[in-house]
Amino acid sequence: KKPRSVRLMRIGPPLEDSAYEKMGLEHWENSFLEFTTDERLNWGSDRGGLTQNYREFEAKIPGNVDFFLPLIEKIIREKKVVPDYMLAGLNGLVKAAYNPLKFQQLYKELSKIPLYGFHVRQLVWLSDYLIRNNLVDDDLVSYLFNVVTSDPNPEKPVNPQNPEFDAPNSNRGSAIHALVKCFSHKEHGDKIFEALEKVANDPMVSVRISAL
């Protein structure tokens, strides 16, 4: 009796490569409105949905920032698409080493939008671009502080035996790690110290070690 073979299938973007190459900004935006989940309508299809579409978008930005920038600005301003595309836009700009000051404006706009779960963590991770470019201001520190002190994630450990694995992969943990990197900006020292005091009593070990 022959052993059963396992077929591994790569999940690709929802549209053909040739379609992506020809898409204008309106077509891109329409795809954002169409692909809002990862649910595949055709079982067994190798075409993905939301995740593959925003990854395709993010990957194309560094090679054509001037083309995509108006769309990134529009979707953040109008807030009509799911946050995944807005965050992909910012990630693409980081990969393109886009003007940090202009990036800061978009970051601030996105930080005003209610985000939850992994979307929060992605925005916290993106703060590294501002910190590396010495663009630490009251708005950034306040945003990270609010995540540290108010975000519910994490609620329970994923790796209880190895909390260091969870440390960068939770909202409060990643936010306090980012705040610690802002410590050289002495004008924000009091706020950062207050966050560290809060973290010292956090019930999650992974969050506490993120401050180290």
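Overview of values
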{"quantity": "The chain: calculated mean residue ellipticity at 222 nm from DSSP helix runs of at least 4, using -39500 (n - 2.57)", "calculated": "-17500 deg cm²/dmol"}
{"quantity": "Of K22/K79; K74/K186; K108/K198; K22/K95; K79/K191; K22/K181, those spanning more than 32 Å from alpha-carbon to alpha-carbon", "calculated": "K74/K186; K22/K181"}
{"quantity": "Distance histogram for region 68-127 (every C-alpha pair counted, 10 angstrom bins, percent rounded to whole numbers)", "calculated": "22, 64, 14"}
{"quantity": "Stokes-Einstein D (µm²/s) once Rh is taken as the Kirkwood radius of region 85-212 over alpha-carbon pairs, at 20 °C in 1.002 mPa s", "calculated": "146"}
{"quantity": "Gain upon complete extension [T37, T149; 0.36 nm per residue less C-alpha separation]", "calculated": "37.3 nm"}
{"quantity": "Residues of the chain: accessible area per residue with a 1.4 Å probe, Å²", "calculated": "59"}
{"quantity": "Within region 124-212, trypsin sites (Lys or Arg not before Pro) in DSSP loop having at most 16 other beta-carbon neighbours inside 10 Å", "calculated": "K181"}
{"quantity": "Accessible surface, 1.4 Å probe, highest first, among residues H188, H177", "calculated": "H177, H188"}
{"quantity": "DSSP loop GluC sites (Glu not before Pro) with at most 11 other Cβ within 10 Å excluded, longest remaining stretch of the chain", "calculated": "40-154"}
{"quantity": "Backbone N under 19 Å from the D138 label point (7 Å along Cα→Cβ), restricted to region 88-126", "calculated": "104-113"}
{"quantity": "Theoretical gain in end-to-end length, I11 to K74 [0.36 nm per residue, Cα-Cα removed]", "calculated": "19.8 nm"}
{"quantity": "Among A97, L130, V120 the positive-end extreme of the charge dipole of region 88-187 (Cβ point charges)", "calculated": "A97"}
{"quantity": "Dipole magnitude (debye, nearest 20) for region 1-160, charges at Cβ of Lys, Arg, Asp, Glu", "calculated": "820"}
{"quantity": "Computed E for V158/K191 - FRET, C-beta separation, R0 25 angstrom, nearest 0.05", "calculated": "0.30"}
{"quantity": "Mean Cα-pair separation over length for the chain, i.e. relative contact order, pairs under 8 Å, 6 or more apart, %", "calculated": "14"}
{"quantity": "Rounded to the nearest 20 debye, dipole of region 115-212 from Cβ charges on Lys, Arg, Asp, Glu", "calculated": "220"}
{"quantity": "Exposed chymotrypsin sites (Phe, Trp or Tyr not before Pro) absent - longest run of the chain, DSSP non-H/G/I/E/B, at most 15 other C-beta within 10 Å", "calculated": "44-115"}
{"quantity": "Segment A19-E109, extension gain: residue separation times 0.36 nm, minus the distance between their alpha carbons", "calculated": "29.3 nm"}
{"quantity": "Surrounding net charge for K198, when Lys and Arg each add one and Asp and Glu each subtract one, Cβ distance under 12 Å", "calculated": "-1"}
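The values are calculated or read from the model by the stated rules, or taken from the named source; none is laboratory data. Only a predicted model underlies this, so the values are computations on that prediction, with no experimental measurement involved. With ideal geometry, Cβ positions are generated from the backbone for all residues, glycine too; neighbour counts draw on all protein chains shown. Just the protein is used for accessible areas: all its heavy atoms, side chains included, with ligands, DNA and RNA removed. Shrake-Rupley method; radii C 1.70, N 1.55, O 1.52, S 1.80 Å.
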